[in-house]
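One structure is given below, encoded as C-alpha cells.
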Amino acid sequence: MNSRKTFFLVVLAVIGGSLVVWDYFKGTTTTDREVQSKRVLNLDTKQVTHFELVRSNQTIVLEKTGDNWDIKKPIAVRADFGAVSSTLDELEFAERSRTLTEKDLQGANLASFGLTPARASIKLESKSGPITLLIGNETPLKNALYTQVAGRREICVAPVSLYDRATQNLKALRSRTAIEFTPAAVTRLEIKTADRVVELKKTDSQWMITRPLIARADQNKISELLTGLSEFRVQDFVSEDPKDLHTFHLDEPEREVTVLTGEASKTLLLGRSPTNDADQVYAKLKNADSIFTVAGEPVKKFAVQINDLRDPRVLAVEPASIKSIAMTRGTNKLALQNNGQGWQLTEPVNMPADDAAVNRFLDDLTGTRAKRFVADVTTELQQFGLTTPTAIVTLTGTGTNVLAQLLIGSVDASNEVRFVKRADEPFIYGVETNALDQSPSALAETLAKKPVATPATTNTPPNGTP
C-alpha cells in the first residue's frame, strides 16, 4: 500500500471518528433519534415556562417563576409543583402508536378525528418557541385518541391519558399546602384567639415567649408546632367568594396563626368544623379569597395554654459550660472547681473529686424540670420558703460569669414538689425532690474521689522459707 493511499484512509478514519464523537457528545445519538421519533411532541419540559389547558368551558393558564408554578387563570393561586411536573412529563414522554401522514389522510373527513375544532388543546411556551397540541376523538377501539401539532399535516394516534391531562380539574393542579413557609426561617410566631394572644420570638436561634409574659420557650415544642403548621394540607376547596367569609364563620375565626420570616408575614385563619364532618376545620389565608378545609386533629395542637409552650427546664444550662459549683445550706457549704484537668473539691475539704460522680450530679441538676409552674409574679416569697432559702446553688462559667443561681425553698403541703426560683427570674417552679434535697456535706462525701485500695503484701524470704 503506498503512502498516499494510507494517508487517505487515515483521514477518512479521523473524520469518521470525529463524527461519532460529535454525535455522542454534541449531537443526538441514533438511539435518541429513534426514541424521539416515537414521541408525540419534541419537548424538553425543563424549558417550558408557560402552558395552557384549553377546553370548551374553561382555560387554565399556568406560569413558572423561578422554581415555582402559579395558576394565573381562572384564579390566581399557587400551583402544585408535583401535579404540574407530572402533566409536563406525560406530555414529553407520550409516544405515538401510529402516524397518519398527509398521504394517508387524502380524501378523509378531518372533522371525524375531532380536531376541527379540537375537543381540547394544550398550548406550551418554552425557550425553543410555542407549540400547541390539539386533542381529538378517541379511536374506534377507544384505547387511543387522535392528536395533531398545530400547523402540521400529520395526525398522531396517542394515549387517551393526554385528554385526561388536558381536561383535568382545576383542583388537581392547585397547591394543597395550606400555608407556605420554611419553619427554620421563621422569626416570630403568633397564636391569637378572641380573648388572648400568645407571641413568640426567636433571637440568636433561641425561642422566647414575649406575650402574655416574657419567659423561655420550649425549643422542641415550638419547632414541632411550626413543622406541623407547614404540613397542613388542604382537604377540600370550598369557596373562592369573599362574601362567603361570614357563611363559614371565618370573619370571626376560632384562631389566627401568624408566622413571620423577616418582614414578610402570613396568617392562617382557623374556624369551626363543618356540621357534617367534625374531622375537618374551615380555614383560609388572611389575604386570600380561597376558603378550604384542613384536618381537624393537627389544628388541636394550636389550642395551647401558655404553660404548654414554656421551657420546663429550671436552669437551662449546658453542663459542659459549667466551670464551678457552689452550694450553701446555712453554714454548710460545698464548692467544686474544674481546673481543666478535672473536678476538684475546694469546700468543705480540698481534694480531688470523682469526675464521673460530678458529671452525674450536674446532669441531675441541670435536668431539673418544672412539674408545676407555681407563680409568675409574686411578692409573697415567704409562703414558698424563699424569703430565706433553705439552700442556694450557684453555677459559674468562665471567670466570674454566673450562669444561673437557684434558690431552694420549702416543700408544698402535699409533699409532692419543692418550691424553687432562679435569682434572675420572677417565676416560682415546683420540682420533684431530687439532688436539691441533699446537704452539701453529704454531697461532698458522694462526690469526693475515693482512694484506690492497694492489696496488702507480706515479706517472704528469698528462699521461700516462712
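The values are calculated or read from the model by the stated rules, or taken from the named source; none is laboratory data. These figures come from a predicted structure and were not determined experimentally. Neighbour counts run over all protein chains shown; Cβ positions are idealised from the backbone, glycine included.
The number of residues in segment 353-400 that are surrounded by 16 or more Cβ atoms within 10 Å (Cβ to Cβ), farther than 18 Å from G330 by Cβ and hydroxyl-bearing (S, T, Y) comes to 3.
Total residues in segment 124-160 satisfying the condition of being under 39 Å from the mean Cα position of the chain (by Cα) and exposed (fewer than 14 other Cβ atoms within 10 Å of the Cβ): the figure is 5.
Of all the residues in segment 97-114, those that are polar (S, T, N, Q) and under 55 Å from the mean Cα position of the chain (by Cα) number 4.
From the residues in segment 56-70 that are crowded, with 16+ Cβ neighbours inside 10 Å and not aliphatic (A, V, I, L, M), which one is farthest from the chain's Cα centre (by Cα)?
Residues of segment 56-70 crowded, with 16+ Cβ neighbours inside 10 Å: 60-64, 69.
Next cut, not aliphatic (A, V, I, L, M) only: 63-64, 69.
Values: E63: 26, K64: 23, W69: 20 Å.
The selected residue is E63.
Could we say that S265 is assigned to a strand (DSSP E or B) and of a type in the set (S, T, Y) here? Yes; evaluated as a whole, the condition is true for this residue. In the set (1) closer than 22 Å to R422 by Cβ; (2) surrounded by fewer than 15 Cβ atoms within 10 Å (Cβ to Cβ); (3) not assigned by TED's automatic domain parsing to the domain that holds R233, the condition left unmet by Q305 is number (3).
In segment 242-257, the qualifying residues are those that are among the charged types (D, E, K, R) and part of a helix (DSSP H, G or I), and the one that is nearest to Y429 (Cα to Cα) is D244. Counting only strands (runs of 3 or more DSSP E) that sit wholly inside segment 324-379, those with at least 1 residues that are of a type outside the set (K, R) and touching a Gly at 6+ places or on another chain (Cβ under 6 Å) are 370-375.
For segment 380-429, the set of residues classified as touching a helix residue (DSSP H, G or I) at 6+ places or on another chain (Cβ under 7 Å), outside any loop (DSSP other than H, G, I, E, B) and farther than 21 Å from D364 by Cα is empty.
Filtered by the rule that a residue be small (G, A, S) and buried (at least 19 other Cβ atoms within 10 Å of the Cβ), segment 161-184 gives A166, S175, A178.
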